[in-house]
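Asker: Before anything else, here's the structure in question.
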Amino acid sequence: MDKKPVPTHVGIIMDGNGRWAKAHGVPRVMGHNAGMQSMKKIVIATSNMGIKYLTVYAFSTENWKRSTEEVSGIFNLIVKYVNSELEELDANNVHINIFGQYDMLPKASIDAIDKMVGRLADNEGLVFNIALNYGGRDEILRSVKQLCEDCRNGSRDPEDLTEDDISRYLWSGSANFNVPDPDLIIRTSGEERISNFLTWQSAYSELMFTDTLWPDFTPEEYAEMIDAYADRDRRFGGRKESGTK
């Protein structure tokens, strides 16, 4: 890996926990628990590969439609993750940001998240962004509302707005986070869509898909995808400078 460039920012849609649970004949919450163990391994692998930013899709604004039992189980896992992994995350200098309105979660989950974010606030290693109660369109709508308010009160001039200005109103681009757009987005479980994840930020992201269910996604497969990313030709709408037409 040290001979090829790695992406600066990787986004992962961690899909397939429910199907993994069904295949193993266990409750869906056990699939989410297995997915949490996979996430732990991928966070470590990301840091070891020298990738600076990792964003995972943990809970979308649409996931509230799932059963109360499953949603409650996911929130309980947040508390479990913080309690079991906080010391190791801190020891490895990981910094955590939350994208999304997590203040709508149960109090125990909010308290656990606040504890984790506060404890790791000064760390300068891997920036681990967790998209929680997050949706790309919801993020854009929230940003547009704030931007309109700023234009109304005269602090912004609509005629002077740029794409960079809009980016700064998103979770990722806010002054507190200042996270660059993802270079690569990976989705597990065989689905080949973005599903409202980093909708604005992913305009020029490379996309990779795997049939592997998230709990079965290994650091080895992850490393293979990062290696394949290095061979991609990223033009950002331009063209090669060689003799190709």
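The values are calculated or read from the model by the stated rules, or taken from the named source; none is laboratory data. It should be emphasised that the depicted structure is a prediction, and the values quoted were computed from it without experimental measurement. Note that each Cβ is placed from the backbone with ideal geometry, even for glycine, and that neighbours are counted across all protein chains shown. Keep in mind that these areas ignore ligands, DNA and RNA; they rest on the heavy atoms of the full protein, side chains included. Shrake-Rupley method; radii C 1.70, N 1.55, O 1.52, S 1.80 Å.
Asker: By per-residue mean of other Cβ atoms within 10 Å, what is the highest-first order of 148-155, 52-59, 78-85?
Answerer: Details: 148-155: 10.6, 52-59: 23.1, 78-85: 16.8.
Final packing ranking: 52-59, 78-85, 148-155.
Asker: For a test of the definition: using alpha carbon positions, the gyration tensor, and the 1.5 limit on a/c, classify the range 115-245 as rounded, prolate or oblate.
Answerer: Oblate, since a/c reaches 1.5 and b/c is not below a/b.
Asker: Ranking request for peptides 34-44, 130-140: highest mean number of other beta-carbon atoms within 10 Å first, then the rest in descending order.
Answerer: Working: 34-44: 19.0, 130-140: 20.9.
Top to bottom by mean Cβ count within 10 Å: 130-140, 34-44.
Asker: So what's the net charge close to ASP111: Lys and Arg +1, Asp and Glu -1, counting the other residues with Cβ under 13 Å from its Cβ?
Answerer: With Lys, Arg at +1 and Asp, Glu at -1, the neighbours total +1.
Asker: Relative contact order of the chain, please, whole-number percent, based on alpha carbon pairs below 8 angstrom and at least 6 residues apart.
Answerer: 28 percent
Asker: What is the set of long-range amide H partners of SER174 at a cut-off below 5 Å, with H atoms built 1.01 Å from backbone N?
Answerer: VAL179
Asker: In the structure displayed, which of LYS41/LYS80; LYS4/LYS52; LYS52/LYS80; LYS115/LYS145 lie more than 18 Å apart, Cα to Cα?
Answerer: Beyond 18 Å: LYS52/LYS80; LYS115/LYS145.
Asker: Separate question: List the DSSP H helices in the chain whose Cα atoms stretch 20 Å or more along the helix axis and whose mean Kyte-Doolittle hydropathy is at least -0.5.
Answerer: Details: long enough: 28-48 (30 Å, -0.11); 68-91 (35 Å, 0.07); 136-152 (24 Å, -0.87).
Qualifying helices: 28-48, 68-91.
Asker: Here is a follow-up. Could you pull the accessible area for MET14 with a 1.4 Å probe, rounded to 10 Å²?
Answerer: About 40 Å², rounded to the nearest 10.
Asker: Another question, if that's okay. Between TRP64 and CYS151, 0.36 nm times their residue separation minus their Cα-Cα distance comes to what?
Answerer: The span from TRP64 to CYS151 would gain 28.0 nm if fully extended.
Asker: Something else now. If all Cα-Cα distances of the chain are sorted into 10 Å bins from 0 onward, what percent lands in each bin, rounded to whole numbers?
Answerer: Result returned by the calculation: 7, 29, 36, 20, 7, 1, 0.
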